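Engineer: Handing you this structure, nothing more for now.
The values are calculated or read from the model by the stated rules, or taken from the named source; none is laboratory data. Worth saying up front: this structure is predicted, and the values here are computed from it rather than measured. Note that each Cβ is placed from the backbone with ideal geometry, even for glycine, and that neighbours are counted across all protein chains shown. Each accessible area value is taken on the protein alone, full model and side chains, heavy atoms only, with ligands, DNA and RNA left out. Shrake-Rupley method; radii C 1.70, N 1.55, O 1.52, S 1.80 Å.
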Amino acid sequence: MKKFSVLLALVLVLQLVLPFTNIVQAEDESKSFHYVALGDSLAAGMNENGEIGFGYADLLAKQYQDQKSQIVFNKGFSYPGYTTVDVLKGIEKNVTKPIYDLNGVSEKSVAIQEAIHQADLITLSVGANDILKNVNRSETGEFSFDTAGVIKSIQDVAVNYKKIFDNIYKINPEVDMIVMGLYNPFPYIEDPAIQKQLNMLVTNLNNSMKRIVEDNGGIFTEVAAQIATDVKTYLPNPKNIHLSEAGYQVVADAMMKDYLNALFKETEEDTTDSEIVKAPFTDIQNHWGKDYIDVVYAKGIMNGYEDGTFKPNANMTRAQVISVISQAFGLTAKNKAPFNDISHYAQQTQNGIAAAYEAGLIKENNGNFNPQGKITRSQLALILMRLSTVQAGQQYEPAKLAPFQDIANYDREAQLAITFLYDTGVVQGTSVTTFSPKGNVTRAQIAKILVLAINKQ
């Protein structure tokens with residue numbers, strides 16, 4: 001899996017805690033995020049009315065564009081009716097197709113092997129049409145299955161998926177691959193026997209695809225259960241098997257969640273055996289943050305208390321948060337921090353505060369830092385936005401402020417910082433109209449935030 005910048009890693013791990021988005025800053029196309037969508041009508045974005053619109057691929061790409069980030073997106077190799085054979089032949093024959101991005105069909109064209117070679121991410125949704133040729137529906141609505149044909153098609157899909165992966169990795173061995181699982185395309189059929197057959201068919205095909213995808217280092221995103229929770233919204237047309245935009249959003253969200261989880265898993269695996277040290281704390285064994293705490297402890301970024309506890313639910317002070325962030329990002333200082341109230345702290349903590357000060361993450365307040373003050377949600381927002389500014393070389397300027405009534409009395413920078421997190425999807429607030437800027441951040445939450453940040457390029 002490709003490596004992300006330290007800043008992106010920090011934002012991504014925040015998205016594991018809260019909603020997701022991606023922030024990629026780039027100055028030219030060579031530094032852009034290249035995304036290619038391959039497959040059938042689902043990859044093309046066909047909606048419930050049989051029209052090509054915004055599908056899951058477009059919604060994933062739009063996340064980058066909305067943040068004024070550089071993305072080169074192309075779904076021009078996705079066609080309604082495509083089977084695994086069609087996708088495989090297209091790659092092997094190196095077909096050339098017009099580029100189809102968020103602005104529609106372009107006058108420019110590209111060969112599929114060149115698009116794959118440049119890609120950072122490829123998504124794939126194909127296989128349903130291979131199977132549906134063995135499913136017949138009469139004019140009266142009755143279904144029949146060619147059982148032998150279905151079994152043969154499932155086997156063929158698995159073989160073709162392996163060939164597709166092999167061909168893609170020959171062209172670009174570093175590309176990230178996400179495959180969309182299938183869902184029941186006929187949820188409105190009332191016959192329970194037929195529904196049982198359909199669900200069994202979808203499950204068997206998904207299991208077969210998942211095994212091949214994961215054996216070849218790809219990510220398989222299962223969506224059948226999620227789509228089934230609200231078919232009237234996600235599959236609103238009983239006469240059409242395609243998703244609504246709301247349905248495609250479910251798929252896009254699930255894909256990104258799986259992508260981020262895979263990134264986190266890779267970060268853990270990058271830790272060598274000698275570095276894997278289980279934290280000895282007595283109060284984290286059944287805590288949701290245990291794995292994150294193990295990593296930050298092994299890296300020496302966060303420690304526990306003399307009584308053998310970590311206190312994962314305890315709030316963190318300003319001094320503690322700034323110290324661990326400075327250490328995780330390797331921030332250094334040339335001079336002492338101009339604060340009068342940190343002299344009694346350990347030199348390492350003072351150095352971390354000084355480094356954060358020189359990087360512009362914190363500011364002087366009448367010569368005081370207030371090291372014992374609890375870090376709040378608004379303060380963390382400020383730190384993250386300032387860190388983003390340092391990394392990107394420019395400050396985030398939103399079109400409008402976040403719609404939170406409880407930030408109206410905060411200064412402009414704090415409002416911009418909170419809007420930065422809101423616009424990028426990192427937070428959605430504690431309600432539609434509130435952000436709870438005075439809310440605190442716990443030690444376990446900070447540990448989770450730092451886990452991906454320590455895996456520097």
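Engineer: For the range 194-250, name all the residues that are among the charged types (D, E, K, R) and over 22 Å from Lys152 (Cα atoms).
Structural biologist: Let us first name the residues in the range 194-250 that are among the charged types (D, E, K, R), namely 196, 210-211, 214-215, 222, 230, 232, 239, 245.
If the condition is that a residue be among the charged types (D, E, K, R) and over 22 Å from Lys152 (Cα atoms), then Glu222, Asp230, Lys232, Lys239, Glu245 are the ones that fit.
Engineer: Taking the residues in the range 291-313 that are surrounded by 13 or more Cβ atoms within 10 Å (Cβ to Cβ) and at pLDDT below 85 as candidates, determine which candidate is nearest to Lys448 (Cα to Cα).
Structural biologist: Checked the range 291-313; the qualifying residue nearest to Lys448 (Cα to Cα) is Tyr292.
Engineer: Then there is this: Taking helices (runs of 4 or more DSSP H) that do not extend beyond the range 174-235, which have at least 1 residues that are over 16 Å from Gly39 (Cβ atoms) and open to solvent by less than 30 Å² (accessible area, probe 1.4 Å)? Break it down into steps so the answer makes sense when it comes.
Structural biologist: On the way: elements: 192-215, 224-228, 231-234.
Output list reads 192-215, 224-228.
Engineer: Quick check: anything in the range 364-372 modelled with pLDDT of 90 or more, out of contact with any Phe, Trp or Tyr (no Cβ under 8 Å at 6 or more places or on another chain) and at negative phi?
Structural biologist: Yes; the residues of the range 364-372 include at least one that is modelled with pLDDT of 90 or more, out of contact with any Phe, Trp or Tyr (no Cβ under 8 Å at 6 or more places or on another chain) and at negative phi.
Engineer: If you go through the range 152-209, how many residues are touching a residue at least 12 places away in the same chain (Cβ under 8 Å), within 13 Å of Ala224 (Cβ to Cβ) and of a type outside the set (A, V, I, L, M, F, W, C)?
Structural biologist: 9
Engineer: On to the next question. Could you figure out which of (1) basic (Lys, Arg); (2) out of contact with any strand residue (DSSP E or B) (no Cβ under 9 Å at 6 or more places or on another chain); (3) closer than 30 Å to Gln285 by Cα isn't true of Arg318?
Structural biologist: (2)
Engineer: Answer with yes or no whether Val250 is closer than 15 Å to Gly55 by Cα and open to solvent by less than 30 Å² (accessible area, probe 1.4 Å). Lay out the reasoning, then the answer.
Structural biologist: Numbers: closer than 15 Å to Gly55 by Cα: yes; open to solvent by less than 30 Å² (accessible area, probe 1.4 Å): yes.
Yes.
Engineer: Could you please let me know if Leu260 is of a type in the set (A, V, I, L, M), more than 14 Å from Gly127 (Cβ to Cβ) and touching a Leu at 6+ places or on another chain (Cβ under 6 Å)? Reasoning before the result, please.
Structural biologist: On the way: of a type in the set (A, V, I, L, M): yes; more than 14 Å from Gly127 (Cβ to Cβ): yes; touching a Leu at 6+ places or on another chain (Cβ under 6 Å): yes.
Against the criterion (of a type in the set (A, V, I, L, M), more than 14 Å from Gly127 (Cβ to Cβ) and touching a Leu at 6+ places or on another chain (Cβ under 6 Å)), Leu260 qualifies.
Engineer: Check Phe264 against each of (1) over 26 Å from Glu358 (Cα atoms); (2) hydrophobic (A, V, I, L, M, F, W, C); (3) open to solvent by less than 10 Å² (accessible area, probe 1.4 Å); (4) modelled with pLDDT under 85 and name the one condition it does not meet.
Structural biologist: Tallying (1) over 26 Å from Glu358 (Cα atoms); (2) hydrophobic (A, V, I, L, M, F, W, C); (3) open to solvent by less than 10 Å² (accessible area, probe 1.4 Å); (4) modelled with pLDDT under 85, Phe264 fails exactly one: (3).
Engineer: Could you list, in sequence order, all residues of the range 236-247 that are open to solvent by 40 Å² or more (accessible area, probe 1.4 Å), over 18 Å from Leu205 (Cβ atoms) and in contact (Cβ under 8 Å) with a residue 12 or more places away in the chain? Quick ask: steps written out before the conclusion?
Structural biologist: Here is the first cut: in the range 236-247, the ones open to solvent by 40 Å² or more (accessible area, probe 1.4 Å) are 236-239, 241, 245-246.
Checking the rest, the ones that are also over 18 Å from Leu205 (Cβ atoms) come to 236-239, 245-246.
Within the range 236-247, Pro236, Asn237, Pro238, Glu245, Ala246 meet the criteria.
Engineer: How about the range 326-351: which of its residues are open to solvent by 10 Å² or more (accessible area, probe 1.4 Å) and under 21 Å from Ala381 (Cβ atoms)?
Structural biologist: The first filter runs over the range 326-351 and keeps only residues open to solvent by 10 Å² or more (accessible area, probe 1.4 Å), leaving 327, 329-341, 343-351.
Listed by number, the residues that qualify are Gln327, Phe329, Leu331.
Engineer: OK, next. Among the listed residues Lys93, Lys97, Lys89, which satisfies the condition of being surrounded by 14 or more Cβ atoms within 10 Å (Cβ to Cβ) and modelled with pLDDT of 95 or more?
Structural biologist: On the way: Lys93 fails: surrounded by 14 or more Cβ atoms within 10 Å (Cβ to Cβ); Lys89 fails: surrounded by 14 or more Cβ atoms within 10 Å (Cβ to Cβ).
Checking each option against the conditions leaves just Lys97.
Engineer: Which residue pairs have Cβ atoms closer than 6 Å, lie 6 or more positions apart in sequence or on different chains, and pair a first residue in the range 213-231 that is among the acidic types (Asp, Glu) with a second residue that is open to solvent by less than 60 Å² (accessible area, probe 1.4 Å) and not in a strand (DSSP E or B)?
Structural biologist: Glu222/Gly181
Engineer: Right, next: Can we say Gly393 is of a type in the set (Gly, Ala, Ser), under 14 Å from Ala319 (Cα atoms) and surrounded by fewer than 21 Cβ atoms within 10 Å (Cβ to Cβ)? If you could, list the steps in order and put the result at the bottom.
Structural biologist: Working: of a type in the set (Gly, Ala, Ser): yes; under 14 Å from Ala319 (Cα atoms): no; surrounded by fewer than 21 Cβ atoms within 10 Å (Cβ to Cβ): yes.
No: the conditions fail for Gly393.
Engineer: Failed condition for Gln155, given (1) surrounded by 15 or more Cβ atoms within 10 Å (Cβ to Cβ); (2) not in a strand (DSSP E or B), with all others met?
Structural biologist: Single failed check for Gln155: (1).
Engineer: Follow-up. Does Ala319 satisfy the condition of being surrounded by fewer than 16 Cβ atoms within 10 Å (Cβ to Cβ), of a type in the set (A, V, I, L, M, F, W, C) and modelled with pLDDT of 90 or more?
Structural biologist: Working: surrounded by fewer than 16 Cβ atoms within 10 Å (Cβ to Cβ): no; of a type in the set (A, V, I, L, M, F, W, C): yes; modelled with pLDDT of 90 or more: yes.
The answer is no for Ala319.
Engineer: Would you check if Leu60 is out of contact with any His (no Cβ under 7 Å at 6 or more places or on another chain) and at pLDDT below 50? I'd like the intermediate steps shown before the answer.
Structural biologist: On the way: out of contact with any His (no Cβ under 7 Å at 6 or more places or on another chain): yes; at pLDDT below 50: no.
Against the criterion (out of contact with any His (no Cβ under 7 Å at 6 or more places or on another chain) and at pLDDT below 50), Leu60 does not qualify.
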